[in-house]
Amino acid sequence: MEIQTWQKTIGRVAFLNCDPLYYGLAEKWKILAAPPAWLTGHLLRKDCLIAPIPAADWALNREKLILLPKLGIISDGPVGSVLLFGHREIKDMRDVALPTDSATSRRLLIYLLNKQGFDPRPVQMGPDLESMLDRCDGALLIGDRALHQARMHPELVRMDLGKAWKDVTGFPMVFAVFAAHVDAPLKMVESALSDLLVAKNSFEESGLREKIIAESCERSSFSVKRVKQYFEEVLFDLDEEAELGLKLFISEVLGIEDNPNFIAV
């Protein structure tokens, strides 16, 4: 039977954070790059075999999407790319702009603000800091935009959500999980996950790290120092501690009590 195009396609977040996992994969797989929340739709429509999607999106679509083990996009402290900006201190924010390209981070921010006793009005907007702060007191940005704006306007950074979650819970924050459609062929899913794990291990254990950092710097315009630091802030191992953090996020932030089940691959 001929393999369908979507079964040869792996989704990736169109941000710097995925560079280590996807280095060299385009030689074997078609790569579909998109914002995190868009990848959820691509998986549901069977545009790709597997993809990293917001943890919140997986939990809310868990009857149609299966959770893959071992990999995620995670922080165990500051993440550097999921940031709340503002001209005011958090305690003085009356409203907060939430970007349309995120799902997990929007829910996480409201939870963290509520835990601190604050309840600003959420306003959904496109991820543009200037227009967000023209309209609202606070603005959430994720990914490369957050990194760029933190470099340009460090005085506006009010919260790193990875650090805030770690401070509140003591656990890593799983921003994205790898998932597949329930109809995806298991053998192909196993192959894709295996290739991603090989890429992760090659980045962590070999001289490829410096080469990938150099290419990421050239593509993104960030300094070598910042990219090196960022690739230490962003983690990919969905280990036991990260799984506990994921379960806590699903129960505490999303209000879903059933535990995530991982496909056995």
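The values are calculated or read from the model by the stated rules, or taken from the named source; none is laboratory data. This one's a predicted model, so the numbers in the text were calculated from it and none came from an experiment. Cβ: placed from backbone, ideal geometry, glycine included. Neighbour counts: every protein chain shown.
In the set Phe222, Phe231, Phe249, which member is in the same structural domain as Ala184 (by TED's automatic domain parsing) and not in a helix (DSSP H, G or I)?
Values: Phe231 fails: not in a helix (DSSP H, G or I); Phe249 fails: not in a helix (DSSP H, G or I).
Of Phe222, Phe231, Phe249, the one residue that is in the same structural domain as Ala184 (by TED's automatic domain parsing) and not in a helix (DSSP H, G or I) is Phe222.
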Open item on the list: Just to be sure before I move on: is Val82 under 11 Å from the mean Cα position of the chain (by Cα) and either assigned by TED's automatic domain parsing to the domain that holds Ala242 or at pLDDT 95 or above (or both) in the structure I sent?
Closed with: yes
Task: Residues located in the stretch 224-247, provided they are surrounded by fewer than 18 Cβ atoms within 10 Å (Cβ to Cβ) and of a type outside the set (D, E, K, R) - done: Val224, Gln229, Leu244
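Taking into account only those residues within the stretch 170-190 that are outside any helix (DSSP H, G or I) and either more than 16 Å from Ile66 (Cβ to Cβ) or among the β-branched types (Val, Ile, Thr) (or both), which is farthest from the chain's Cα centre (by Cα)?
Of the residues in the stretch 170-190, the ones outside any helix (DSSP H, G or I) are 170-185.
Filter once more, so that each one left must be either more than 16 Å from Ile66 (Cβ to Cβ) or among the β-branched types (Val, Ile, Thr) (or both): 170-175, 177, 182.
On the way: Gly170: 19, Phe171: 16, Pro172: 13, Met173: 10, Val174: 8, Phe175: 4, Val177: 8, Val182: 21 Å.
Out of the qualifying residues, it is Val182.
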Open item on the list: List pairs: first residue in the stretch 38-60 and outside the structural domain of Ile142 (by TED's automatic domain parsing), second residue of a type in the set (D, E, K, R) and assigned to a helix (DSSP H, G or I) anywhere in the structure, Cβ distance under 6 angstrom, at least six positions apart or on different chains.
Closed with: Thr40/Asp57; Ala56/Arg107
TODO: For Gly80, work out the one condition from (1) within 20 Å of Ile142 (Cβ to Cβ); (2) crowded, with 24+ Cβ neighbours inside 10 Å it doesn't fulfil.
DONE: (2)
Task: One residue from Leu113, Leu133, Leu108 being hydrophobic (A, V, I, L, M, F, W, C), buried (at least 24 other Cβ atoms within 10 Å of the Cβ) and either more than 30 Å from Glu190 (Cα to Cα) or touching a Pro at 6+ places or on another chain (Cβ under 6 Å) (or both) - done: Leu108
Open item on the list: Of everything in the stretch 225-243, what is farther than 18 Å from Ile53 by Cα and among the aliphatic types (A, V, I, L, M)? Give them in sequence order.
Closed with: Val227
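Do you know which residues across the stretch 9-67 are aromatic (Phe, Trp, Tyr) and surrounded by fewer than 24 Cβ atoms within 10 Å (Cβ to Cβ)?
Restricting attention to the stretch 9-67, the residues satisfying the condition of being aromatic (Phe, Trp, Tyr) are 15, 22-23, 29, 38, 58.
Passing the criteria: Phe15, Tyr22, Tyr23, Trp29, Trp38.
Within the stretch 159-182, work out how many residues are of a type outside the set (Val, Ile, Thr) and either at pLDDT below 95 or buried (at least 21 other Cβ atoms within 10 Å of the Cβ) (or both). Reasoning before the result, please.
First, the residues of the stretch 159-182 that are of a type outside the set (Val, Ile, Thr): 159-167, 170-173, 175-176, 178-181.
Checking which are either at pLDDT below 95 or buried (at least 21 other Cβ atoms within 10 Å of the Cβ) (or both) leaves us with 160-162, 164-165, 172-173, 175-176, 178-181.
So the answer is 13.
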Task: Unmet criterion (only one of (1) more than 30 Å from Arg62 (Cβ to Cβ); (2) among the aliphatic types (A, V, I, L, M); (3) outside the structural domain of Arg12 (by TED's automatic domain parsing)) for Ala214 - done: (3)
TODO: State yes or no: is Ile66 of a type outside the set (S, T, N, Q) and either closer than 25 Å to Gly170 by Cα or touching a Leu at 6+ places or on another chain (Cβ under 9 Å) (or both)?
DONE: no
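Every residue, every condition in (1) under 30 Å from Ala51 (Cα atoms); (2) among the charged types (D, E, K, R), yes or no:
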| position | (1), (2) |
| --- | --- |
| Val82 | yes, no |
| His87 | no, no |
| Lys91 | no, yes |
| Arg94 | no, yes |
| Ala103 | yes, no |
| Leu109 | yes, no |
| Leu112 | yes, no |
| Pro120 | no, no |
